C-alpha cells in the first residue's frame, strides 16, 4: 500500500533532495511528488506518495522530521485529508466522435483547454481513482497522451497537523492521561 | 565589520572557540591559508583529508568540543566523506569546511570540481553551499549550532572561492533560530515520574548506557542513579567510561563481544533503563530474543531513535543529563517509601549478576612463549591506569581493548563504534593529542588499520606529538580470520598480512623511535621505554595470531547464546 506524506519544508536549495534522498536511501520508490511555495514564500508544501513498508512508516516520518530543512512532516495515509490530482490528456479524436467525447468529459467535469484538428486537450482534477476511470474512458476515443501532477493533499484539520509535528509528545500526553486517571 | 570571506571564516571559527583546524590545502582554499599565515588558530597539516576528519573527531571525542577540518574542492571534499559518515554514526560534533570552485564555474566540470553538497548530503547532519558572501558568517555559526546541539553530528559548509575572496560585512550572531530544528531537552515530567515508579516496581532492573551519556555529560548523574537503584550498568562500545570501569555496579560492555554477565543480565532483566542508546544490532543480536522479559524505558534526545528497533514501554525524549537530574531527584524523594532496593528479589538479582561475573570473566590468556593479544591489552591497561586516552582502530584489538582497558571517566576511550572505519585509530589519536597536549595518548591499532593510516606517522613527527603507537601485530586481519574460522569452515582468504614493514627501520625512516617485541617478558620494559620517550614511539608487538575474541554472539544470534571458547577440534574418524 502507498503512503501519503505531507510536508512543510524550507524553500531552500537542496531541501527537496534531502527528503527524496532519505526515501531513495531506503529503497522506497516515489510514485508521485508535488512541491510548490505556500503563502509564506520561504516555505514550500510537498506531497509525496511512496511505497513504504507499513511497519517502517512512523520511523520514516520521524527521520524526515529530523531533517533540518523540514518544518513538519505528517503521514496522511491514516488520517482525514483532502487529496486531489490534476491531469492533462490529449485525445486523438475523429470528427464524428468529438461531440460524444465532450459529453463524456462533462460527466467527469473535465474542461477542454486546447483544441486542434483531430485532437482535444482536456484538463481534469479529482481523486486518483476518478482520474484513472476518466483515462480509461478517453482511451476508447483514440490514441491518448497524458501528464498527471501526482497527488496534492492537505490534512482536514490544521490542528491535527500541528500535533503530528511532535508525535511523541502527543503519545506521551496520552500515556500521561492514562496514568493520572 | 568589513572583511574578506576567508578572514570571515576564521573570525567565525574563533568566535565558536575553535583553536585548531585539521586540514589539507588546495587551490580554492588558498585564500583561507593566506589568512591562516599569521592567525592564532593552529593548523595541523595531515597527510590525507580522510584523516583530517578523523583527527577532528579525535579532538571532539576527547573534549566534547566541536572538531574542525578543512579540505579543498573535488578530491579534498570526497576524501572527507568516510570521516563524516563516521561522525554521523557516532553522533560526534564536527564542522567540515570545504572550498568549492568559483560560482561561475560550478556545473562546468571545472578543475577539481565535485558536487560536494550533493555527495555529503547523506554523510552529514546538515550541509550548506555558500555562494553569497552575505550568508557566510551566519552559515558558519549555524553549522556550529547544528553540530553541537541536540543529537550532535557533522555539518559541512562548502564555500565557493569567489566568496572567500569577496568583501563582506561580518556580524556576530545573536541566538540562532531555525524553523525546522527544534531540540527538546527537558524530557516530559509525567513520563519521568512514571519511570521512577517503574524503577521501584522492578525486581531485576538493568541500565543500558550508551554514547548519549557521554555526549550530554551525564556521567555523574548515571553514577548517582546506579548507586541509588543499586542495579547493574552495562555500557555500549560508545558508552565506555560513562561509569568508571572500577565502579561496583559497572558490568562492562554488552553485545556481540560483551561480558557474559552483561549479556546474561540483559536477557534476564525485567526492566531495561536504556539511556542514550540506539539498540544497535551489534548490541541486540536477534531483536526478538533481546531482553525478552524486560519492560523498556528509553530516553534519548533524538525522537527518531525511540521505537526504531525496540518499541519502548516508556519513551522519554530529552537530553539524558536533564532527564537523569529530574529522575534522580524523584528517586531520592521516593526511595524511603518505595523501598524497592532492599527487597529480597533485588538482592537476589545483584547476587545473580555477581555469579555470572565470576562464572565467565574475560579470558586471562597468558603464555610464557608468545604474547597473547589479551595479555598485551591487559599490559596497556596496567600502564594507562584508567586515566589515559586510548584511541583504537577497528577489529579484534578494538574489542579486546573495550573488554580489558579501564576508564575512570568518559572521553578517554576513542573508537569508531558505529561505522567501524579502519584507519581511524592513528589520526584520531593525533586529534586527541592536539586537544590534550599534556595527556598520555595511546593509539592501539591492528597491523591492518595501522597500514591504512601509515602516512600520518609523518604528521606525528612533524608536530612532535608524543603519541604512543602500539601495533597489535598478528600478521593478519584478525577479525576476518576469526569469522572465517568460526563461520566459513576455516577457508581463510585475503586475511594474511605477511609483509609488515620492519618496525625499527620504518620508525627511523619517519624520524621517530620504534621497537618490535615478540616475547612476553620484554613487553613491560618496552612499554616503559615508550612511556619514558618524550616524543612519539612506535611499538610493534607480535602476538599469537590464532586468538579469538570471546564471548561472541554470532551475527543475528540471541544475545544470551554466546560462544565462550574456541570450538573443539573435530577428531577424524569419530
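No value in this document is a laboratory result; all are computed from the given coordinates. Source: prediction; values computed, not measured. Cβ coordinates were reconstructed from backbone atoms using ideal geometry, including for glycine residues, and neighbour counts include every protein chain displayed.
Taking 0.36 nm per residue of separation and subtracting the Cα-Cα distance, full extension of the segment from residue B:288 to residue B:494 would add 70.7 nm.
Assuming a ≥ b ≥ c are the square roots of the Cα gyration tensor eigenvalues, decide whether region B:189-359 counts as rounded (a/c under 1.5), prolate (otherwise, with a/b larger than b/c) or oblate. Walk me through the numbers before you get to the answer.
Details: a/c = 1.31, a/b = 1.03, b/c = 1.27.
Because its axes are fairly even, with a/c under 1.5, region B:189-359 counts as rounded.
Pull out the extension gain between residue B:528 and residue B:370, defined as 0.36 nm times the separation in residues minus the alpha carbon to alpha carbon distance; nm, one decimal. Don't skip to the end; give the middle numbers.
Details: separation 158, 0.36 × 158 = 56.88 nm, distance 1.91 nm.
That works out to 55.0 nm of additional length.
Distance between the C-alpha centres of region A:56-88 and region B:38-65: 39 Å, rounded to the whole angstrom.
Based on DSSP H runs of at least 4 residues, each adding -39500 (n - 2.57), what is the mean residue ellipticity at 222 nm of chain A after dividing by all its residues, to the nearest 500 deg cm²/dmol? Please list the in-between numbers first.
Details: 6 runs with 64 residues, N = 181.
Estimated from H runs of four or more residues: -10500 deg cm²/dmol.
Axis of helix A:98-107 versus longest Cα principal axis of chain A: the two differ by about 30°, to the nearest ten degrees. Once both axes come from the Cα atoms, what is the angle between helix A:57-66 and the longest principal axis of chain A, in degrees from 0 to 90, rounded to 10? On a 0 to 90 degree scale, this one is about 80.
Of all DSSP beta bridges confined to the protein assembly as shown, the antiparallel ones make up roughly 45%. A crude spin-label estimate for the pair residue B:186 and residue B:333, with each label 7 Å from Cα along the Cβ direction, gives 1.5 nm.
Suppose a student asked you for the relative contact order of region B:373-542, using Cα pairs under 8 Å spaced at least 6 residues apart; what percent would you report?
Working: 315 pairs, mean separation 35.4, N = 170.
Here the relative contact order equals 21 percent.
Panel order for A:149, B:363, B:216, B:134, by other beta carbons found within 10 Å of each beta carbon, from fewest to most: B:134, A:149, B:363, B:216. Would you work out the relative contact order for region A:82-148, in percent, from Cα pairs under 8 angstrom that are 6 or more residues apart? RCO, region A:82-148: 51 percent. The label point for residue B:454 and the one for residue A:51, both projected 7 Å from the Cα toward the Cβ, are 4.8 nm apart. The spacing between region B:349-415 and region B:77-126, judged by their C-alpha centroids, is 37 Å.
Cut-off is 10 Å between beta-carbons; in what order do B:81, B:236, A:121, B:160 appear when sorted fewest neighbours first? It would help to have the intermediate numbers written out before the result.
On the way: B:81 20, B:236 29, A:121 15, B:160 25.
So the residues, fewest neighbours to most, are A:121, B:81, B:160, B:236.
What shape does region A:1-92 take by its C-alpha gyration tensor, where a ≥ b ≥ c are the square roots of the eigenvalues and a/c under 1.5 counts as rounded, a/b above b/c as prolate, and the rest as oblate? Please list the in-between numbers first.
On the way: a/c = 1.56, a/b = 1.12, b/c = 1.39.
Oblate.
Which percent, nearest 5, of DSSP beta bridges in chain B are antiparallel? The antiparallel proportion sits near 10 percent. Label sites at residue B:228 and residue A:123, each approximated as a point 7 angstrom past Cα along Cα to Cβ, lie 6.5 nm apart.
Note on residue B:30/residue B:109: beta-carbon distance plugged into 1/(1 + (r/R0)^6) with R0 of 22 Å gives a FRET efficiency of 0.55.
Below 8 Å, C-alpha to C-alpha, sequence gap of six or more: please give me the relative contact order for chain B in percent.
Values: 1291 pairs, mean separation 79.7, N = 574.
Relative contact order, chain B: 14 percent.
Extension gain, residue B:311 to residue B:134: 0.36 nm times the residue separation minus the Cα-Cα distance gives 59.2 nm.
Kirkwood Rh, Cα Rg: Rg to Rh for the protein assembly as shown? Numbers along the way, then the final one.
On the way: Rg = 29.6 Å, Rh = 28.7 Å.
Taking Rg over the Kirkwood Rh, I get 1.03.
In plain terms, the bigger the Kirkwood radius, the slower the diffusion; for region B:255-338, with that radius from Cα pairs, at 25 °C and 0.890 mPa s, Stokes-Einstein puts D at 178 µm²/s. Cβ crowding within 10 Å ranks B:188, B:177, B:322 as B:177, B:322, B:188, fewest other Cβ atoms first. Using the alpha-carbon atoms, what tilt in degrees (0 to 90, nearest 10) does helix A:167-180 show relative to the longest principal axis of chain A? So the helix axis and the longest Cα principal axis differ by about 50 degrees.
With a ≥ b ≥ c the root eigenvalues of the C-alpha gyration tensor of chain B, is it rounded (a/c under 1.5), prolate (a/b larger than b/c) or oblate? Working shown, then result.
Details: a/c = 1.97, a/b = 1.21, b/c = 1.63.
Oblate shape, in that a/c is at least 1.5 and b/c is the bigger or equal ratio.
Round to the nearest 0.05 the FRET efficiency obtained for residue B:355 and residue B:461 when R0 = 45 Å and r is the Cβ-Cβ distance. Please list the in-between numbers first.
Details: r = 51 Å, r/R0 = 1.12.
Plugging the Cβ-Cβ distance into 1/(1 + (r/R0)^6) gives 0.35.
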